[in-house]
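K.L.:
Here you go, one structure.
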Amino acid sequence: MTTPSPPTYPPRPDSAPRPTPSRARRASVGGLVALLLVVACGAAALWSTRGGESGPLAGRPRVTDTRAGLSYGVPDGWKHDPAKDRDLIDAFSSQITRIPGKDHGAAATTGATVLAGRAGRPVSRADLRRTTEAAARSNAGFFFPDRPATLEESHRTVVDGRPAHTAVLRVTADTGGRLEMTLLTGRGGRTSFLLGVVTGEPDPALVEDLHDVLGSTTVD
């Protein structure tokens, strides 16, 4: 399939500085969405399997991201490569991507990835909506540069019993795209996030996969 042009680096949810274009050109194109970079973060994201869990993706392999303090399931047709997690920029600590040809019939030009990480600073419950929406728009500017993105949804939610907020942006130009940012308050005041990105016209099955990953997430 055709791999989309490498995106520039997305910031942390607390609006980290935009990297310079020269650094962005060093991004390594890997998988369906080029998100693997040359800066190692040393994240401790481990692969594990939890059998017998209820809810979405029950019985599927799971990613246990100790740095983000999250664990989430891997949908059928998606892949997690622990070795590549070590090459993510510091803002991210784990990633799963859709495997070509195993995407429930989504278009060949459609790529998808889910990334997890820990926010650079704690976000209070009162600021979850504002911070989530700002982080979603900022990331959309990095993943889809110079393309208009419209806020489609912004709603409170709960992730494993913890307060959270989700913002969904739809990219309307060129081949389209979708970005879903969820911030959640973890234990001890920690704030973590899940970021789902679909490049190309989103297929309903891929969007459902993003929701299943969020629904399968537990806070460690």
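The values are calculated or read from the model by the stated rules, or taken from the named source; none is laboratory data. Keep in mind the model is a prediction, meaning the values are calculated, not measured. Note that we place each Cβ from the backbone using ideal geometry, even for glycine, and neighbour counts take in every protein chain shown. Each accessible area value is taken on the protein alone, full model and side chains, heavy atoms only, with ligands, DNA and RNA left out. Shrake-Rupley method; radii C 1.70, N 1.55, O 1.52, S 1.80 Å.
K.L.:
With free of Cβ contacts under 8 Å to residues at least 60 places away in the same chain, touching a helix residue (DSSP H, G or I) at 6+ places or on another chain (Cβ under 9 Å) and surrounded by 15 or more Cβ atoms within 10 Å (Cβ to Cβ) as the only criterion, which of Ala167, Ala140 stands out?
P.N.:
Ala167 is the lone residue from the list that is free of Cβ contacts under 8 Å to residues at least 60 places away in the same chain, touching a helix residue (DSSP H, G or I) at 6+ places or on another chain (Cβ under 9 Å) and surrounded by 15 or more Cβ atoms within 10 Å (Cβ to Cβ).
K.L.:
Another question, then. Could you look through the stretch 120-137, keep only residues that are touching a strand residue (DSSP E or B) at 6+ places or on another chain (Cβ under 8 Å), open to solvent by 50 Å² or more (accessible area, probe 1.4 Å) and outside any loop (DSSP other than H, G, I, E, B), and pick out the one that is farthest from Gly196 (Cα to Cα)?
P.N.:
So, considering only residues that are touching a strand residue (DSSP E or B) at 6+ places or on another chain (Cβ under 8 Å), open to solvent by 50 Å² or more (accessible area, probe 1.4 Å) and outside any loop (DSSP other than H, G, I, E, B), the one farthest from Gly196 (Cα to Cα) is Arg125.
Condition check ((1) modelled with pLDDT of 95 or more; (2) not in a loop (DSSP other than H, G, I, E, B)) across all residues:
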{"residue": "Gly51", "(1), (2)": "no, no"}
{"residue": "Thr64", "(1), (2)": "yes, yes"}
{"residue": "Lys84", "(1), (2)": "no, yes"}
{"residue": "Ala108", "(1), (2)": "no, no"}
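K.L.:
Can you find even one residue in the stretch 175-198 that is more than 16 Å from the chain's Cα centre (by Cα), surrounded by fewer than 16 Cβ atoms within 10 Å (Cβ to Cβ) and part of a strand (DSSP E or B)?
P.N.:
no
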